[in-house]
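The values are calculated or read from the model by the stated rules, or taken from the named source; none is laboratory data. Quick caveat: nothing in here was measured; it's all calculated off a predicted structure. So basically every Cβ, Gly included, is an ideal-geometry build from the backbone, and we count neighbours across all protein chains shown. Just the protein is used for accessible areas: all its heavy atoms, side chains included, with ligands, DNA and RNA removed. Shrake-Rupley method; radii C 1.70, N 1.55, O 1.52, S 1.80 Å.
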Amino acid sequence: GSNPVNYRRSDSSIGFRTTPYSRIGTYARNTNRAFEVDNIDTESQQGWSVVAVGRANMVDDLEELRAIKAEWDPRPWPSGQRSMYFRMPWRELTGRVLSIRGGVGESATT
């Protein structure tokens with residue numbers, strides 16, 4: 001299953017926050033994960049999808065947490081505490097563009 005989260009990209013990693021009691025907080029700690037971001041415009045019938053693959057590391061270093069909060073703190077929309085921070089440097093990044101006019105185009109960056 002997927003869990004929507006607000007995120008921020010910093011250098012070659014993705015940062016996000018969650019609650020320790022979520023599926024991500026329970027099962028994603030320091031494990032290999034895929035992180036997908038999609039955008040679809042139904043009016044123009046176009047869209048894109050990007051998938052990053054890497055190790056989702058729970059951030060528990062106080063200095064790193066201070067830097068994250070000062071530079072790029074992701075802001076979750078749902079109410080409640082989202083006190084668990086993750087940083088996921090990607091080792092693989094792939095994407096594709098979808099268009100009714102042009103079909104599917106793919107690009108990949110590692």
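Summary of values
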quantity	calculated
Given charges at beta-carbon only (K, R positive; D, E negative), |dipole| of the chain in Debye	240 debye
Cβ-based net charge around Pro76, under 13 Å, with every Lys or Arg adding one and every Asp or Glu removing one	+3
Between helix 62-71 and the chain: long-axis angle, C-alpha atoms, 0 to 90°, nearest 10	40 degrees
Protein-only accessible surface order, largest first, of Trp77, Trp72 at 1.4 Å	Trp77, Trp72
Charge context of Val53, other residues only, Cβ under 15 angstrom, K/R +1, D/E -1	+4
Label-to-label distance, nm, for residues given as Ser12 and Asp38 (7 Å Cα→Cβ offset)	2.8 nm
